[in-house]
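See below for the structure under consideration.
The values are calculated or read from the model by the stated rules, or taken from the named source; none is laboratory data. From a predicted model like this one, the values you see are computed outputs, not experimental measurements. All Cβ positions, glycine included, derive from the backbone under ideal geometry; neighbour counts span all protein chains shown.
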């Protein structure tokens with residue numbers, strides 16, 4: 001071996017390791033992407049922060065969240081971008097203020113308190129004002145924004161309009177940017193999503209991923225219509241999803257109808273799955289208490305507008321108590337823990353049954369969609385143990401189910417605990433409207449202005465193909481649109497007895513479900529019904545034994561009489 005050459009190589013390598021060039025390159029690679037600091041009324045994450053983070057997550061998976069009270073000295077220097085969400089007006093804590101002042105990279109501020117930062121020293125802030133439109137598009141309701149006056153060399157990316165003047169809504173000035181609100185309706189969301197490419201210096205030449213979902217397929221669905229709509233998509237090589245509900249609940253009787261009882265529908269779904277249709281688990285019953293399947297909110301108590309607190313269906317539970325009802329923080333925390341445990345077990349049981357019932361039929365769910373898109377943050381955390389992806393929109397509040405939205409990009413929002421969101425963005429066809437396509441057409445038109453935005457919608461198979469052709473034509477009319485090739489993405493679905501792994505090579509299913517195990521689960525799931533069947537079995541068995549005994553007795557008696565006749569002659 002040439003030892004002199006080896007020594008020279010080691011010396012050169014060591015010099016490279018300790019050179020300034022290597023150190024700078026390494027530190028640049030190790031930098032995290034975005035630090036998001038929020039200031040809210042109670043110091044906790046709220047729907048405004050969750051939505052902003054979810055939208056930013058379309059551009060980066062490396063986002064760290066900090067309450068403004070929790071910012072520590074020298075904690076922000078490792079980031080490329082700093083985002084501050086001022087959802088509450090107030091004095092910034094000294095440490096957070098100092099750290100934001102020292103931050104050398106790109107700074108993006110939402111809402112209040114920008115005037116406390118040196119970077120905004122040349123800006124003017126005149127308090128609140130009200131706008132009625134954004135970029136020429138009317139708002140559904142008047143919106144309050146911060147009236148900011150930026151310096152003359154800035155770039156105004158979006159404007160709002162009051163009764164008599166324009167107000168800058170999204171502004172960029174060098175490596176400093178400002179958004180005059182923290183709350184986003186439809187038009188503001190479009191403006192923000194479009195502007196983030198400029199604010200974060202991201203190239204805009206990206207396609208629009210698109211998907212179509214056949215919605216609310218339950219044991220009560222018409223197999224012929226499901227086949228018709230599914231084949232229409234499959235014959236045109238359009239990737240599609242099937243949102244399947246394994247059990248139908250009759251709202252009048254509470255009777256449950258499993259998917260296995262509709263054999264023709266199961267055969268249709270298996271055929272469509274073989275043609276590329278991908279199964280999404282759409283809950284287990286899509287109902288809570290005795291709500292009809294498709295109408296009920298399975299993972300949210302809509303009557304009390306609160307998370308699930310009981311599995312009992314015969315009476316309305318007590319509304320969740322507030323902190324004021326308890327004498328100490330400890331008692332209140334114990335109470336909350338008990339509620340979380342009930343909800344956690346409920347969600348776990350539903351996911352387990354859904355995944356395993358579908359898998360037993362040969363249908364392999366590769367994502368989850370919450371019924372009516374409703375679920376608490378704890379529900380999402382539990383769900384992330386079972387699924388790697390979620391379709392639809394996100395419930396952004398644990399206090400009100402109607403506070404929901406979705407970013408326009410495929411992302412991994414913090415509230416989903418690591419799951420990937422494939423957002424629904426264009427809605428569905430409602431034949432009851434004078435123009436069933438108008439709302440979808442409006443959404444598609446607006447989304448074309450946002451590069452990379454998802455063109456995602458759903459279609460009810462009970463409509464047949466009457467409207468489906470126009471839906472597909474509308475989606476495919478979007479320039480730079482590409483059908484989402486979900487089958488090549490990495491996904492995993494897991495329950496106690498099933499593991500489903502999907503990648504570019506296909507789907508691998510591992511199942512330890514046995515007939516005895518399934519029988520045991522059914523007994524646990526429906527003990528009363530199982531007891532009735534046991535009684536039927538016992539009674540049937542007793543009657544069978546009794547009938548056999550009587551027949552045998554009569555046969556023996558007849559045989560005995562036959563033998564006695566010759567003897568008596």
* Go through segment 224-265 and give me each residue that's closer than 17 Å to residue 371 by Cβ and either modelled with pLDDT of 95 or more or in a helix (DSSP H, G or I) (or both). => 241, 242, 243, 244, 245, 246, 247, 259
* Structure fact -> Across (1) closer than 23 Å to residue 497 by Cβ; (2) touching a strand residue (DSSP E or B) at 6+ places or on another chain (Cβ under 7 Å); (3) assigned to a loop (DSSP other than H, G, I, E, B), residue 362 clears everything bar (2)
* All but one of (1) outside the structural domain of residue 40 (by TED's automatic domain parsing); (2) surrounded by fewer than 17 Cβ atoms within 10 Å (Cβ to Cβ) hold for residue 122, so report the exception by its number. => (1)
* Quick one: is residue 38 in the same structural domain as residue 125 (by TED's automatic domain parsing), within 24 Å of the chain's Cα centre (by Cα), part of a strand (DSSP E or B) and free of Cβ contacts under 8 Å to residues at least 40 places away in the same chain? -> no
* Asked: Picking from 221, 251, which residue would you name as being in the same structural domain as residue 458 (by TED's automatic domain parsing) and under 14 Å from residue 268 (Cα atoms)?
  -> 221
* Asked: Within segment 324-336, is there a residue that is in a loop (DSSP other than H, G, I, E, B), touching a strand residue (DSSP E or B) at 6+ places or on another chain (Cβ under 9 Å) and surrounded by 12 or more Cβ atoms within 10 Å (Cβ to Cβ)?
  -> no
* Asked: What do you reckon, is residue 29 loosely packed, with under 12 Cβ neighbours inside 10 Å, modelled with pLDDT under 50 and closer than 30 Å to residue 422 by Cβ?
  -> yes
* To do: Could you list, in sequence order, all residues of segment 457-507 that are in contact with a strand residue (DSSP E or B) (Cβ under 9 Å, 6 or more places away or on another chain) and farther than 30 Å from residue 444 by Cβ?
  => 492, 493, 494, 497, 498, 499, 500, 501, 503, 507
* Select from segment 70-89 the residues that are in contact with a strand residue (DSSP E or B) (Cβ under 7 Å, 6 or more places away or on another chain) and not in a strand (DSSP E or B) and list them in ascending order. => 71, 76, 78, 87, 88
* **Of all residues making up segment 55-100, the number that are closer than 21 Å to residue 145 by Cα and buried (at least 17 other Cβ atoms within 10 Å of the Cβ)** => 9
* Asked: Do we find a residue being outside any loop (DSSP other than H, G, I, E, B), surrounded by fewer than 23 Cβ atoms within 10 Å (Cβ to Cβ) and without any contact (Cβ under 8 Å) to a residue 60 or more places away in the chain anywhere in segment 202-220?
  -> no
